[in-house]
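The numbers here are math on the coordinates, done by the rules we state, and not lab data. Because the structure is a prediction, the values reported are computed rather than measured. In this analysis, Cβ positions are derived from the backbone assuming ideal geometry, glycine residues included, and neighbour counts consider all displayed protein chains.
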Amino acid sequence: MLRSLRLLLSSASLSLPAAFFPSEAVTTTPTTTITTITTTTTARSIPGAPLAPGLGGPHAWLVPKSELPLHTEGRYIAGRGGERVKWACVNWYGAYSETMTPGGLEVRPLDQIVARIVELGFNCVRLCYSTQAQLENPILRKEDLLMNPDLWGKRFLDVWDATVSAITDKGLMLIVNNQVHKSGWCCHWTQDEGLWYVPGYPESVWIESLVNMTLRHRANPLVVAIDLRNEVHDYQGVSLTWGDGNPDTDWAQAAARAGNAVLAANPDVLVVVMALCFGMDLRAMRDAPLELDIPHRVVYQTHNYLEYQLWSLISQGFVSWRTISLGTGFSAAAVAIVLVALIAAWIRLGKPWPVLPSLVVTFGSWLSVLTLVGVAICQACLFIVTQAPGCGSWGRRDVVPARNWLLVFAALGALLAIFGVLLCMRLRPAASVVGSAAADGSSHEEDDEDGSLDSDTEDNTSHEPAGGYKSCIRRLCGSPDCWSCRRIAADTLSAPLLARCVGSCAGQGRSNGNASAGLAQAPAWDFGLCCGLQCFIFLSVAQLFLISIFIFSFVAPTYWLHETHMNNFWGFALQQGHPWTAPVWMGEFGNEVRGHYWNNMMRYLSEYDVDFAYWAINGLKWTTGRIDITTGSWIPEEPHWSNETYGLLEADYWTIRRPWRLTDLQTLMPSPAQWRPLAPACDRQVLGSECGD
């Protein structure tokens, strides 16, 4: 996940201290409704008749060992008897960081933290580790195990085994996750940990580590799954693929090799396979579902955070959609007034109309310019999705086809513009206007000192033929005759000829003072009106853009958009009866604000009854850097402990942080889920304010 960006967003919020919650029950009032938050909410793992209470106590519905091992049936994870087993998990991290220690052991005994997880109602834990810690197996620091003296002086694997035993002894299922190779915080897009191989840790070492962890817990049936790798993504020109057979980029084939090795070590575990693009995109699987040597073992994993949907990130991190709707609404109204004024002025001028070549050139030019702007936007999007989130597959699937179609339309617009120019060059000035004007000039030789109007006229027309490109360019922003006529008159200093041109061509009541009063004043196109047309087109495009943003500002917070996006990227796999149907586990998600994103996510997970693992139980995180808001780059800092704003627990690893969050999660634990909005989504209007506590 893009945790570095979440660090930035969460640091902009003002945290309010949560009250200490006893283990029995607590009462909070998020709105006028009083809600009771219990730490013993049922997390029933199989629908239908409740199972007998497991090892966690009389109120925690845990999977009995008689239902193990697990397998998959269609979109569900099922027990030995064929009934659904829902993973209602929580992430517990720290063993993959520089401390190599599960978080919280410095402030609370291990058994108390595990007991708290059971009390909160979860039935499984996703426990993360690093390959480096597993291979080097160092002695852990005493200060990171301060409240667990029995673990002082122990090595990583000793502490890991003690943690696994504490979790499974309480009846919780455990999913072993290979988070990173090199111990440290992740996952920024500039890190190479998005690949399953990094310098010093080739694929063979990765697979060996997974196999060793599988064998280590083979005798423990509650270690139900091996999560192969966290949030795969592109890195420095290596663009991940799915099913193309390239050993350096094909994540599906790498996952198959690792998954089969894991199943060879323990055929009873499930194999969890991460979606591409930080866990966002599973669409490639639809065309090439993953098959392992032992069937019914694959569980796909997706992650989702606020920043994975740009529209959610904008409203929570920068400016609310309500503010955007007001701004675009007033702007669109102002532009509409200007457009109406331009139309009214055009009507007052007699509704002059450009010639056909002018219309063709104008339409073609604008089509080409606007589509080229779209191409530039696509290129920017391609760079962003390829570099920042590391989603080359996403760019190839969505952005590149759109860019290519825009290039086609840009070329079409350019051809239309060229055709208009060629069409214009074939037009000749009307002989009746120029010829009669020239004759008029020759009959008034007193207005021409040398009496050579005819020869001058011929010279001028010979210098610039009627079909010449310069004349054509002028005529595109005027009537086909006016510019030639006016230039001839100006060059010959013939007032009668100029008057005749103005009277016959310009019209619109703007004739020369010497023009004959009886000449027709038909409206004609000129340079000013040509510029006015371009302004009208530009403002019309701007108006469409403003109206689109205005409409989208009402669509962006809706559940419909959230559901459509989820179904498009991975929710399709939950449809029964297809070759690609498989369980999809929401392995990470979280937020510190009860906004539209949170409520939409809760509703989706509830309506589709998705297995989940909330990020995270931790109250503190070991921080080694921050993201620069101006450049998006990762800036290292002196390592230090900081609050985990997404954490379910406070820094004491007991007090509930943001009780509404736990309440919502507890409604997702049964199957079917029972989430209902307890309060409307808050709408943060002032950046940095707290919303939803």
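Odds and ends about this structure:
- Within straight-line cross-link reach of Lys86, lysines at Cα separation under 17 Å, skipping those fewer than 8 residues along the same chain: Lys65
- Orientation-averaged projected area, Cα convex hull of region 96-186 (nm²): 5.4
- Within region 201-274, the proportion of C-alpha pairs whose separation exceeds 15 Å stands at 55%.
- Lysines whose Cα lies under 20 Å from that of Lys142, excluding same-chain neighbours fewer than 8 positions away: Lys154, Lys621
- When Rg and the Kirkwood radius Rh are both evaluated on Cα atoms of region 221-313, their ratio Rg/Rh stands at 1.00.
- Region 533-636 shape via C-alpha gyration tensor axes, a/c threshold 1.5: oblate
- Least to most buried among Ser365, Ser671 (fewest other Cβ within 10 Å first): Ser365, Ser671
- Length, then width, then depth: along the principal axes, the Cα atoms of region 69-228 run 43, 36, 30 Å.
- For region 266-323, the extents of the C-alpha atoms along the principal axes are 54, 24, 14 Å, listed from largest to smallest.
- Using alpha carbons only: equivalent-ellipsoid semi-axes of region 166-292, gyration tensor based, whole Å: 25, 17, 14
- Cut-off under 5 Å, modelled amide H: who pairs with Gly625 long-range: Glu637
- Fewest-first sequence of Glu644, Glu83, Glu592 by Cβ atoms within 10 Å of each Cβ: Glu83, Glu592, Glu644
- Global form of region 534-590, assessed from the alpha-carbon gyration tensor, a/c cut-off 1.5: prolate
- Each of Phe122, Phe589 has some number of other Cβ atoms within 10 Å of its Cβ, and from fewest to most they run Phe589, Phe122.
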